[in-house]
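Asks: Could you have a look at this structure, given as structure tokens, before my questions?
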Amino acid sequence: MLIPSDYIFFSINGVDIRMEKTNPINIAVKRQTRSLDGSFYHQIKSTVHNNAKTGYTRRVVAIAKKQYSHSRVVFKAYHPEWDLYSDKRIGHFDYNPTNVNINNLYCSD
């Protein structure tokens with residue numbers, strides 16, 4: 001059973017997000033309900049996209065009907081001051097764009 005300290009809580013465009021620290025693939029968005037506390041977290045899926053022309057593969061996640069690179073979302077969770085929409089690229093130390101572990105990510109200038 002995971003406890004609140006096992007998660008990172010952050011927000012993108014007013015959407016509250018919860019991400020597991022040990023497994024950043026597990027992302028959930030906060031939804032409003034009519035329950036006593038008024039909300040719950042709904043798990044969202046990350047998908048792998050392949051570009052047939054370039055052969056480039058990346059992991060994406062949809063938050064509030066907008067697709068984001070999963071790597072950028074994970075980097076934003078750990079660096080809240082970073083601008084998600086900046087032109088800076090998020091690189092992968094192991095050159096595997098589907099590996100979104102924070103220890104594998106870096107921001108290029």
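Asks: A 22 angstrom limit on the alpha carbon distance is what I want to check against. Which of 21/53; 30/88; 21/45 exceed it? Could the numbers behind the result be given before it?
Replies: Numbers: 21/53 34 Å; 30/88 28 Å; 21/45 16 Å.
Over 22 Å Cα-Cα: 21/53; 30/88.
Asks: By count of other Cβ within 10 Å, fewest leading, how are 108, 46 ordered? Please report the intermediate quantities before stating the final value.
Replies: Details: 108 7, 46 17.
Going from least to most buried by this count: 108, 46.
Asks: Ok, one more. Obtain the nm distance between the two label points defined at residue 13 and residue 88 by a simple spin-label model: each point lies 7 Å from its Cα along the Cα-to-C-beta direction.
Replies: Computed distance between label sites residue 13 and residue 88 equals 2.2 nm.
Asks: Then there's this: Counting other C-beta atoms within 10 Å, which of 54, 33 has the fewest, and how do the rest follow?
Replies: With the fewest neighbours first, 54, 33 line up as 54, 33.
Asks: Springs between alpha-carbon atoms under 10 Å, Gaussian network over the chain: tell me which of 11, 71, 86 tops the mean-square fluctuations.
Replies: Maximum among the listed residues: 86.
Asks: Moving on. Please report the relative contact order for the chain, taking Cα pairs under 8 Å with a sequence separation of at least 6, and give it as a percent rounded to a whole number.
Replies: 17
The numbers here are math on the coordinates, done by the rules we state, and not lab data. Given the structure is predicted, the values throughout are model-derived calculations rather than measurements. Glycine gets a Cβ as well: all are built from the backbone with ideal geometry, and neighbour counts include every protein chain shown.
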